[in-house]
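Asks: Once you've had a glance at the structure underneath, I'll fire off some questions.
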Amino acid sequence: MLRVAVDAVPTGAVLARTLYAPTGQPVLRAGHPLDHSVLPRLASFGIRFVWVDEPALAGLSPVEPLAPVTAWRAERALIRTAEAARGGVPTLPAALREELVDLAGQVADELEALGGKIPLPYPAGAGEDGVLATWIAGAMNRAVLAGLTALAGPYRTYARDFILAAWLQDVGLWRLPGMEDAPPAGTSAKVPAGTGAEPAAPEPAPCHPVAALEPAGIAAAHRRAAAHVAATLRWLSGVDLGGLTRALVAQHHEQRDGRGYPEGLQGEAIHPAARRLAAVTAYTLAVEGCAHRPGWLPHEAYEWLLAEGPVLWGDDVVHELAGLLYPYPPGSLVQLDGGPWGVVVDCAGARRLRPRVRLLPVHPGPGEAGETGAGEMGMIDLLSERTRQITAWALAWPAAPARIPGPAGQGR
């Protein structure tokens, strides 16, 4: 099966996974054909992606982090949170706070039930409010990784706090002047979340405000974005979230070397739990990119974490996080050598960074799709074919929305 944007589903495609209403009742069962009478209705319900049958991927069943109803409820709660923050509501409403706390507990339970399965991150849509959709996808994926990190380490009983903090840590971005319609740090107006391009040269992780290392314009943008932490804490002032959640929000951009923000804390001054959320945040931002940088390819972000993470957050944190991360989970779309696209079918063991890929029967181009040559079809094992490289990636088909250019001219 393949995850496809609703507006790109070809007529006659067959639904591979049942769609559910917020009540948990099925609204369209697996096996139902998707035609012009169905697809517009899906979009009206806010459904942006569906799983469809793909003969070339028979037997592949990617793992989603959460039950569909839980993910839907969490996304809607995040939409209301962002709208409240940027709409001038003075603080997080009590009813919304209760809903988020309840959802965070449900998410923690579902992540624990994964039992070591490798989940596929959520893609960002490009609807009427693509910035908001991208922010929500980032918050969802950060919360999943934060929860898994808590469950795998010494903060197992605090997974709910990690998830809640990951959802709330960036709401202050919507409170900053001029940020209502601009991409928050960690999102991109040009490169959709879920795609990546190789950086031109080694550099700090995206959205890291090290003024001495960056051009004046970028440094100014980073300093401005850094104000979101204080804005978030002000908006959450007086809200009953618990001391750990508040500390996680306050320190989610700090580093042990003192070059983080907003306080520039060093060493043991950073809460051990916050070191973990800060590493999660940095990795996810490196993959997502920001308003002035394309995201890195996931394996590049992973290698950066291994190289720089011990100094920034500690060996213990990097060891825990690196064991959880699979840059290309089964179901990920990858482009090989700037040419054919395929879907990752195996990334276990030694294939963590060099997965096995099933090539798709079509490949993307600038506005067209055509049959691949017979020699391109089949399975590619990157672990054995060392000369082949992943040059772009995505979390849903098509690899990038049609109205947004692909990264570095690598197609879409």
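Asks: Need a quick list: strands (runs of 3 or more DSSP E) entirely within the stretch 1-99 having at least 2 residues that are touching a helix residue (DSSP H, G or I) at 6+ places or on another chain (Cβ under 9 Å) and within 22 Å of A124 (Cβ to Cβ).
Replies: Because the criterion is at least 2 residues that are touching a helix residue (DSSP H, G or I) at 6+ places or on another chain (Cβ under 9 Å) and within 22 Å of A124 (Cβ to Cβ), the strands (runs of 3 or more DSSP E) in the stretch 1-99 that meet it are 49-52.
Asks: Follow-up question, since we're still on this one. Being under 24 Å from L120 (Cα atoms) and touching an Asp or Glu at 6+ places or on another chain (Cβ under 7 Å) narrows it down to one residue among A278, A286, A282, A274; which is it?
Replies: A278
Asks: Another question, if that's okay. Report every pair of residues separated by at least 6 positions or lying on different chains whose Cβ atoms are under 6 Å apart, first residue within the stretch 253-274 and among the hydroxyl-bearing types (S, T, Y), second surrounded by fewer than 20 Cβ atoms within 10 Å (Cβ to Cβ) and not in a loop (DSSP other than H, G, I, E, B).
Replies: Filtered contacts from the stretch 253-274: Y261/A226.
Asks: Right, something else. Kindly check whether there is at least one residue in the stretch 78-90 that is crowded, with 17+ Cβ neighbours inside 10 Å, under 22 Å from D109 (Cβ atoms) and assigned by TED's automatic domain parsing to the domain that holds L132.
Replies: Taking every residue of the stretch 78-90 in turn, at least one turns out to be crowded, with 17+ Cβ neighbours inside 10 Å, under 22 Å from D109 (Cβ atoms) and assigned by TED's automatic domain parsing to the domain that holds L132.
Asks: P26: surrounded by fewer than 18 Cβ atoms within 10 Å (Cβ to Cβ), over 23 Å from the mean Cα position of the chain (by Cα) and not small (G, A, S), yes or no?
Replies: Values: surrounded by fewer than 18 Cβ atoms within 10 Å (Cβ to Cβ): yes; over 23 Å from the mean Cα position of the chain (by Cα): yes; not small (G, A, S): yes.
Yes.
Asks: Okay, moving on. Which one is nearest to D346 (Cα to Cα) among residues in the stretch 118-134 that are part of a loop (DSSP other than H, G, I, E, B) and at pLDDT 95 or above? Outline the logic, then answer.
Replies: The initial filter retains those residues of the stretch 118-134 that are part of a loop (DSSP other than H, G, I, E, B), namely 118, 120-129.
Remaining after also requiring at pLDDT 95 or above: 118, 120-122.
Values: I118: 10, L120: 12, P121: 16, Y122: 18 Å.
Looking at the filtered set, the residue picked out is I118.
Asks: If you don't mind, there's one more thing I want to ask. Filter the stretch 371-390 for residues that are outside any loop (DSSP other than H, G, I, E, B) and either modelled with pLDDT under 95 or aliphatic (A, V, I, L, M) (or both) and give the result.
Replies: Those that are outside any loop (DSSP other than H, G, I, E, B) and either modelled with pLDDT under 95 or aliphatic (A, V, I, L, M) (or both): E371, A374, G375, E376, M379, I380, I390.
Asks: Name, by its number, the condition in (1) touching a helix residue (DSSP H, G or I) at 6+ places or on another chain (Cβ under 6 Å); (2) at pLDDT below 95; (3) of a type in the set (A, V, I, L, M) that does not hold for L321.
Replies: All conditions pass for L321, except number (2).
Asks: Let me ask something else about it. I want to confirm something. Restricting to the stretch 259-281 and keeping residues that are in contact with a helix residue (DSSP H, G or I) (Cβ under 8 Å, 6 or more places away or on another chain) and among the small types (G, A, S), which single residue is farthest from A146 (Cα to Cα)?
Replies: Step by step, filter the stretch 259-281, then rank; the result is G260.
The values are calculated or read from the model by the stated rules, or taken from the named source; none is laboratory data. All values reported here derive from a predicted model rather than from experimental measurement. Using ideal geometry, Cβ is built from the backbone for each residue, glycine included, and neighbour counts are taken over all protein chains shown.
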